[in-house]
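First comes the structure, then the notes that go with it.
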Amino acid sequence: MGKRIIQQRRGRGGPTYRVRAKASLDQRPGYLSQMEGEYEVVRLIASPGHSTPIARMRGKDGRTLNIFAVNLLYVGQKITVGGFNNGDISCLGDLKNGTKVFNIEHRPKDGGKFVRTGGSSATVMNKNGGMVTILMPSKKEKKFDTSCRATIGIAAGDGKLEKPVMKAGTKHYIMKSKSKLWPRTSPVKMNAIDHPFGSGRGKRIKSKIAKRNAPPGKKVGLIRPSRTGRKKR
C-alpha cells in the first residue's frame with residue numbers, strides 16, 4: 001500500500017508542516033495606512049522568520065510600527081516620511097532616477113510587498129505619467145503607481161548566507177522557522193509510489209509541465225512555465 005507523497009501531506013494543511021505564528025512576530029512588518037512626520041527607531045529585532053532585521057519605530061503620537069531595517073540603521077535614528085535620506089520612507093513618484101529602494105508597495109497603502117530580502121534593493125528608472133518604472137533585483141523592469149511607498153536604501157542583512165552553517169541541527173531550526181521542509185530528498189531517488197519522478201528507471205527524466213491548478217501531488221516539475229526549451233539567440 002502506498003502513502004501520500006510529501007506534496008500531498010504539506011498541501012493538506014495540518015500542523016506538521018506549519019510554522020508557529022510567533023516565528024514571524026505578532027505584528028508583521030509594513031507601513032501604516034496613514035503615516036506622516038518623524039519616527040524614532042527604538043529597537044532592532046532579529047526575526048527568525050525574516051532574512052532582514054526588523055526595526056521597531058515610535059512616532060510622536062506614541063504609535064509604534066515594525067518595518068524592515070535599512071542597512072546601517074541604528075537605535076535612536078530618525079526616520080522621516082517623505083524624506084530623501086537613507087532609511088526614509090517616500091512615494092516612488094517623489095524620488096530621483098537611480099535611487100535605491102526596497103520594501104515597495106504593490107498598490108498604494110498596502111504596506112509593502114516587493115524587495116524585502118536581506119541585502120536586496122531595486123532602482124528607480126524613470127517616470128511616465130502616473131507610473132514609475134523600477135528595475136527589480138531580477139534585472140526585470142516593473143511598473144508601479146507613483147503613490148506607492150518604499151524605503152530609500154538597501155535592505156539590511158546582506159551576507160547572511162556567507163556564514164557557513166556548521167551543524168545540521170542549526171540548519172533544521174533555520175528552515176523550520178521559515179516553514180520549509182528540510183532535508184530535501186531528490187525525487188528521482190524515491191520509489192515510484194512516493195513521487196511521480198520516482199523509480200530506478202528513466203533517471204534522465206525531462207521536467208514535467210504541471211498545470212497551475214493541479215492538486216498537491218500532481219504539482220511537480222515546472223509549474224506553468226512561461227516558456228520551455230533552450231533559448232535561441
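With viscosity set to 1.002 mPa s at 20 °C, what whole-number translational diffusion coefficient in µm²/s follows for the range 21-152 from Stokes-Einstein and a Kirkwood radius over Cα pairs? After rounding, the answer is 145 µm²/s. The phi torsions of the range 45-60, fed into the Karplus equation with coefficients 6.51, -1.76 and 1.60 and a -60° offset, translate into couplings of 10, 8, 7, x, x, 9, 7, 9, x, 10, 9, 9, 10, 10, x, 5 Hz, rounded to whole numbers, with Gly and Pro shown as x. With the simple model of a label 7 Å out from the Cα in the direction of the Cβ, Val75 to Val188 spans 5.2 nm.
In the chain the Cα-Cα distances spread across 10 Å bins starting at 0 as 7, 24, 26, 24, 14, 4, 0 percent of all pairs. Axis of helix 168-177 versus longest Cα principal axis of the chain: the two differ by about 60°, to the nearest ten degrees. Every helix of 4 or more DSSP H residues in the chain counts as -39500 (n - 2.57), and over all residues that averages to -2000 deg cm²/dmol at 222 nm. With the convex hull of the Cα atoms taken as the outline of the range 127-190, the averaged projected area works out to 8.0 nm².
Using Cβ point charges alone (K and R +1, D and E -1), the dipole size of the chain about the Cα centre works out to roughly 2240 debye. A simple spin-label model places pseudo-atoms 7 Å from Cα toward Cβ; at Thr133 and Lys178 they are separated by 3.2 nm.
Give me the compactness ratio for the range 83-158, meaning the Cα radius of gyration over 2.2 N^0.38 Å. Kindly include the intermediate steps, with their values, before the conclusion.
Values: Rg = 10.8 Å, N = 76, 2.2 N^0.38 = 11.4 Å.
Working it through for the range 83-158, the quotient is 0.95.
Stretching the chain fully between Met166 and Asn97 yields a gain of 20.6 nm (0.36 nm per residue, less the alpha carbon separation). With both labels modelled 7 Å from their Cα along Cα-to-Cβ, the Arg212 to Arg9 distance reads 3.0 nm. Once you reduce the range 76-153 and the range 200-232 to the center of their Cα atoms, the two points are 34 Å from each other.
Only the coordinates and a few stated rules stand behind these numbers; no lab work does. Source: prediction; values computed, not measured. Note that we place each Cβ from the backbone using ideal geometry, even for glycine, and neighbour counts take in every protein chain shown.
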